[in-house]
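As structure tokens, the structure follows; a few thoughts come after it.
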Amino acid sequence: MKSKNKIIFGHHGSTTDDKKIINFIKAFVKVYENNKEIELHLAGYGESFDEILKLISDTNSKEYIKYFY
């Protein structure tokens, strides 16, 4: 059963390598393993776009990581 009290984290802006968004997503996936009441919402586009989509797919995290582009 899904809780209505999820904590939603967010990031918006350009997804460039210098922002370390890939590291942020990897860390979020690890934190989610211990706390299923969180979600990550991402919005933006940049050079890391394809890598972000692949990482979300490879980690089966589409359920709790939403990417708006």
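Data for the structure
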read-out	value
The chain: relative contact order as a whole-number percent, Cα under 8 Å and 6+ apart	40
For the chain, accessible area per residue (1.4 Å probe, heavy atoms of protein chains only), Å²	71
Estimated 222 nm signal from helices in the chain, with DSSP H stretches of n ≥ 4 weighted -39500 (n - 2.57), rounded to 500	-11000 deg cm²/dmol
Apportionment of accessible area to carbon and sulfur, segment 17-69, percent (1.4 Å)	51
Length released on extending from residue 23 to residue 54, taking residue separation times 0.36 nm less the Cα-Cα span	9.8 nm
q = 0.15, 0.16, 0.22 Å⁻¹: log10 I(q)/I(0) that the Debye formula gives for the chain, counting C-alpha atoms only	-0.45, -0.51, -0.93
Lysines whose Cα lies under 18 Å from that of residue 36, excluding same-chain neighbours fewer than 8 positions away	2, 4, 6, 26, 62, 66
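The values are calculated or read from the model by the stated rules, or taken from the named source; none is laboratory data. From a predicted model like this one, the values you see are computed outputs, not experimental measurements. Keep in mind that these areas ignore ligands, DNA and RNA; they rest on the heavy atoms of the full protein, side chains included. Shrake-Rupley method; radii C 1.70, N 1.55, O 1.52, S 1.80 Å.
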